[in-house]
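What follows is a set of notes on a single structure, which appears directly below.
Please treat every number below as a calculation from the coordinates, not as lab data. Everything quoted here is computed from the prediction, not taken from an experiment. FYI the Cβ positions are ideal-geometry reconstructions off the backbone, even for glycines, and counts take in every protein chain you see.
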Amino acid sequence: MKHISVAIDGPSGAGKSTLARRAAAEMGYLYVDTGAIYRTVALGALRRGVAPTDAEAVESILSDLDIRLAYNPEDGLQHMHLNGEDVTEEIRLHEISQHASKISAIPGVRAFLLELQRDLARNHDVVMDGRDIGTVVLPQAQVKIFLTASAQARAQRRFLELQQRGQQADFDTVLRDIVLRDEQDSNRPIAPLRRAEDAVLVDTTHLDLEQSLQAILTAIRGGDRE
Ligand code: DC
């Protein structure tokens, strides 16, 4: 049976994870958060004392990283396991974001994770979110959405999210980090963040969560009938 793939790409803080997770639950599809996979690689490198900019050193430790996605049967949430340890919470730490952005520019890292992501889409109906899902990982996806919002709006949301998690945050630092990550993710030579030509653009700057979700569900329900 052919499975349905919904690719959702966009810059950090656009609301991808929340919206993709809810859209997947609504459709009965598996939600795959690919940023969490890059974050897990970044944590693995950090724990081994490897700088995320040292491509050769990072590539040399990849075969030691046993990365698995596990789905909690109760809430359906994606948990990340690194060499047998559940690191779902730890990969959300603020410093891991910058490390993940740097590590994701390394060609060997992207190649290492490509099949893992494609395998999930081969075996399940998925809503997969990331930066290059519609362009590189699943170019045949039946539905592609490019989800974005202004940097200010994204920084504001990330700031509130960090506060809710009880993490120390300063708005200007969060905004600066968002702009820096946009730059890194969009300007890397390999699989940069960009809108696929056939992706539906959803700009959530002036939309609340429910309006954004409806825009996404409309795109999915329109696209998966083709
Ligand atoms: O979505 P996120 O913020 O959790 O992603 C963390 C980093 O991983 C992000 O800065 C860019 C990178 N990433 C990527 O390069 N390709 C993906 N498909 C997903 C994430």
### Query
Out of the DSSP beta bridges found with both residues in the chain, what percent are antiparallel (nearest 5)?
30 percent
### Task
Apply the Karplus parameterisation 6.51 cos²θ - 1.76 cosθ + 1.60, with θ equal to phi minus 60°, to every residue of segment 139-153 and state each ³J(HN,Hα) to the nearest whole Hz, in sequence, with x for glycine and proline.
x, 8, 3, 5, 10, 10, 10, 10, 9, 9, 6, 4, 4, 4, 5
### Query
Over all directions, what mean area does the Cα convex hull of the chain project, stated in square nanometres?
12.1 nm²
### Task
Can you tell me the FRET efficiency between ARG118 and ASP170 if r is taken as the Cβ-Cβ distance and R0 is 45 Å, rounded to the nearest 0.05?
0.70
### Task
Quick one: give the max-minus-min coordinate of the C-alpha atoms of segment 156-215 along each principal axis, largest first, in Å.
39, 33, 16
#### Entry: From phi via Karplus (6.51, -1.76, 1.60), per-residue ³J(HN,Hα) for segment 205-215 in Hz, x at Gly/Pro
3, 10, 10, 8, 4, 5, 5, 5, 4, 4, 4
### Task
Scan around VAL143 for amide H atoms under 5 Å from its own, H built in the peptide plane at 1.01 Å from N, and keep only partners 5 or more places away or cross-chain.
SER5, ALA7
### Query
What does the helix-only formula give at 222 nm for the chain: each DSSP H stretch with n ≥ 4 adding -39500 (n - 2.57), the total divided by the residues, and the result rounded to the nearest 500 deg cm²/dmol?
-15000 deg cm²/dmol
### Ranked list, fewest to most other Cβ atoms within 10 Å of each Cβ, for TYR71, TYR31
TYR71, TYR31
### Message
Suppose we take every Cα in segment 1-86 and form the convex hull; what volume per residue is that in Å³?
### Response
141 Å³
### Summary
Using alpha carbon centers only, segment 14-46 is separated from segment 159-220 by a whole-angstrom value of 13 Å
#### Entry: GLU26 paired with THR205, simple spin-label distance in nm, labels 7 Å along Cα-to-beta-carbon
2.3 nm
### Query
How far is the Cα center of segment 55-76 from the Cα center of segment 136-158, in Å?
23 Å
## Note on the structure
Listed residues GLN98, GLN117, GLN211; largest mean-square fluctuation, Gaussian network over the chain with Cα springs below 10 Å, found at GLN211
### Message
For a quick check: sort SER63, SER101, SER186, SER5 by the number of other beta carbons within 10 angstrom, fewest at the front.
### Response
SER63, SER186, SER101, SER5
